[in-house]
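Reading through the structure tokens given below for one structure.
No lab work stands behind these numbers, since they all come straight from the coordinates. Remember, it's a predicted structure, so these values are computed and weren't measured experimentally. Neighbour counts run over all protein chains shown; Cβ positions are idealised from the backbone, glycine included.
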Amino acid sequence: MKVYSCLILNKAGGLIYQNNVNPGLNSLSSNDFLVLAGTLHGVHAIASKIKPIPSQAKDDIGVTNTHNTNTNLIATGKSQNANSNQSGLQTIETDFFNLYIFQTLTGLKFVIVTSPNPVVHNLQPMNDFKSISRGELQKQYDSTVKLFRQLYLLFSDFVMKDPFYSLDMPVKSSLFDMRVKELLV
Amino acid sequence: MSKTTRYSGDEMWKNNVEKIQNSELFTLTYGSVVSQLCRDFNNNYQEVNQQLDRMGYNIGMRLIEEFLAKTGAQRCQTFKETAEMISKVGFKIFLNIQPTVTNWTQDGKTFSLVLNENPLADFVELPMGPDNRICRDLWYSQVLCGVLRGALQMVQLDVDVWFVKDVLRGDDQTELRLRLNKFLKDEVPAGED
Amino acid sequence: MSNDNIIYPSVHSFSNLSLSDSSRTGFGYNPYKGPSSNAITPETSNILINKKTVSLTPTSFDSIYDRNILKKVPEISLSSFSFLFCEIVNWTRNNSKGIQDLEQRLNTLGYQIGQRFLELVKTRERIKYSKREIKILEILQFIHGAFWKSIFGKTANELEKSQDIENEYMIIDDIPLVSKFISVPKDYGNLSCSAFTAGIIEGALDSACFPATVTAHSVPKEGLPLRTVFLIKFDESLYTRENLRFN
């Protein structure tokens with residue numbers, strides 16, 4: 001998986017950071033990126049409303065899940081997945097690119113645009129086809145989980161601890177830029 | 001539960017926290033700020049408290065991101081859970097202490113954190129003037145109140161935080177109180193469930 | 001508290017102290033004058049007799065004077081320090097009139113820390129080595145080595161002497177702890193938040209009676225974007241002292 005681009009959106013859907021880490025994407029103008037950010041923000045929110053009417057049982061599961069995460073954390077002190085994007089738009093998969101959205105509890109969104117899912121040749125028998133493609137997809141998804149965690153940690157180090165950064169405003173930190181490139185290139 | 005939670009933050013402290021070998025730089029830096037503020041505000045300690053609180057608030061709004069990034073904590077379902085999270089995980093990874101959660105009010109909306117140690121005030125003694133005003137007025141570690149207020153605000157909890165006791169003033173323990181005013185439900189980001 | 005009760009140093013920094021200075025309160029050791037600066041005259045003894053005192057007798061069993069200063073100091077999260085420092089720079093920036101003023105304020109905050117750290121490191125060390133640095137080179141090695149290590153957990157990277165200017169020395173830190181996460185924007189010119197650390201060094205040097213002015217300069221190198229040079233300019237008088245003593 002190759003990461004083409006990385007975006008960060010503030011709580012209100014404003015684009016605060018954008019970095020084309022690897023070439024390969026058609027270049028978008030900075031205005032296009034703003035539109036993309038706003039659109040994703042909106043679609044993400046509306047997606048969370050498009051869901052089956054929650055049955056009582058399902059709701060209970062939801063509650064226990066976040067509760068379990070926290071109980072685990074408090075009991076073992078082991079890091080959990082910081083993604084709180086439960087019901088919003090999580091991924092877009094196309095033939096040309098994949099896009100993943102990670103959201104923090106404070107409402108920040110980290111978005112990465114990556115190469116598409118690995119191509120699976122039609123020549124393979126159906127059974128294999130299924131197992132391979134699922135395995136590959138899962139792999140790609142898992143690696144984005146790790147990337148998002150690293151990105152979020154870099155953000156809390158090089159943006160949050162930088163006195164020259166004002167909250168919710170565009171990120172200009174050169175150290176953050178450098179570290180993001182190191183991570184994603 | 002209490003048995004399993006006693007050492008909970010230790011694992012994270014050991015493996016996920018970059019440390020300075022010596023807490024004195026931190027302690028002395030904070031001391032330098034407090035004493036500078038006392039000079040800036042001409043020993044008007046109420047104003048010093050307010051300024052420390054504001055500075056803490058600014059810190060809290062930023063610090064919460066690292067807390068979430070490092071721990072992966074999700075939204076707490078009860079304020080009791082929040083209290084546990086603050087003392088067992090939050091204080092642990094940032095100050096390497098675990099304050100005791102106690103003195104809950106009946107409605108479950110206010111509790112105390114009792115700090116047995118306080119790295120901010122290590123080897124600190126308030127100077128005693130003839131009128132002892134500084135011991136009456138100054139809350140030396142007020143920055144902590146601001147940090148908690150700012151951090152919780154970012155996860156949509158509107159709280160008040162204040163000190164009720166401080167060993168620096170001659171009290172028997174250092175105790176701060178947190179009161180939940182409101183859960184800002186409308187501000188919870190979409191997509192969280 | 002009225003201003004009379006606070007004992008201010010007679011000058012901002014020891015490096016500015018001269019023979020003619022005397023403290024406002026009538027007390028305070030001036031190293032340039034020697035013991036006579038603390039001599040008891042009818043005038044000073046009168047002040048002493050009428051002075052209000054503060055009891056130093058421990059009032060509780062937990063007095064800080066009873067605590068062991070040699071006890072192993074606990075570790076602290078680097079993040080906590082960095083967040084605090086971030087807010088310090090923010091606050092100082094809002095109060096300052098310009099880049100130079102900002103650096104001066106950071107220096108002042110550091111200065112008070114340096115004075116205390118010198119005492120602390122020396123008190124702990126003295127028990128081991130029982131020696132005191134009296135030459136410029138010795139004190140520089142101490143600052144670059146033991147002092148740096150006890151504050152930042154590592155020694156500084158290089159210690160150099162200026163080839164062009166007689167009384168200038170440089171301590172170089174490749175990754176300065178205090179500005180590890182800070183990217184100074186271009187419109188802040190050559191601001192270095194390590195002015196704070198420069199203040200710490202200056203405070204320590206002044207207190208050790210090596211009056212100096214210390215400034216911090218960002219001098220990045222390939223792979224080391226944060227590399228910082230601390231330029232130490234000793235007071236002229238020191239060379240006179242050193243020549244008298246050691247030549």
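Quick rundown of the values:
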item	result
Alpha-carbon centroid distance for the pair the stretch C:194-247 / the stretch B:49-82, whole angstrom	39 Å
Potential extension, A:Lys49-A:Ser166 segment - 0.36 nm per residue separation minus Cα distance	38.9 nm
Burial ranking of peptide ranges B:17-27, B:99-109 (average Cβ count within 10 Å, highest at the top)	B:17-27, B:99-109
3J(HN,Hα) from dihedral phi, the stretch C:198-211, Karplus parametrisation 6.51/-1.76/1.60, rounded to Hz, x for glycine, proline	4, x, 4, 5, 4, x, 5, 5, 4, 5, 7, 6, 10, x
Efficiency of FRET from Cβ geometry, B:Arg136 and B:Asp107, R₀ 35 Å, rounded to 0.05	0.70
Alpha carbon convex hull of chain B, projected area averaged over orientations, nm²	12.3 nm²
Length-normalised contact order for chain B - Cα pairs under 8 Å, 6+ apart - percent	24 percent
Inter-chain shielding of B:70-83 (mean C-beta neighbours from other protein chains, 10 Å cut-off)	6
Percent of Cα pairs exceeding the 20 Å cut-off, where the set is the stretch C:78-246	51 percent
For residues of A:173-183, the mean tally of beta carbons on other chains within 10 Å	2
Spin-label pair C:Glu75/B:Asp171, simplified geometry with 7 Å Cα→Cβ offset, distance in nm	3.1 nm
HN-Hα J in Hz across the stretch B:177-193 - Karplus 6.51, -1.76, 1.60, θ = phi - 60°, x for Gly and Pro	10, 10, 10, 7, 7, 6, 8, 7, 4, 5, 9, 5, x, 5, x, 8, 5
Long-range HN-HN contacts of B:Lys19 with modeled amide H, under 5 Å	C:Leu78
Under the Karplus curve 6.51 cos²θ - 1.76 cosθ + 1.60, θ = phi - 60°, whole-Hz ³J(HN,Hα) for the stretch A:25-36, x wherever Gly or Pro sits	8, 4, 7, 9, 6, 4, 5, 4, 5, 4, 5, 4
Under 24 Å from the Cα of B:Lys182 - lysines, other chains or at least 8 residues apart	A:Lys11, B:Lys80, B:Lys88, B:Lys109
Förster radius 60 Å - calculated FRET efficiency between A:Val35 and C:Ile165, Cβ distance, rounded to 0.05	0.60
Residue mean of other protein chain beta carbons inside 10 Å, C:88-95	4
The stretch B:153-174 and the stretch C:104-175: distance between their alpha carbon centers, rounded to Å	37 Å
Label-point separation in nm, B:Asn16 to C:Gln141, each point 7 Å along Cα→Cβ	4.5 nm
Relative contact order, percent, the stretch C:96-247 [alpha-carbon distance under 8 Å, six or more residues apart]	28 percent
Amide H partners (placed H, <5 Å) of B:Gln77, local residues excluded	none
Amide hydrogen neighbours beyond the local backbone of B:Val164, cut-off 5 Å, H modeled	B:Glu175, B:Leu176, B:Arg177
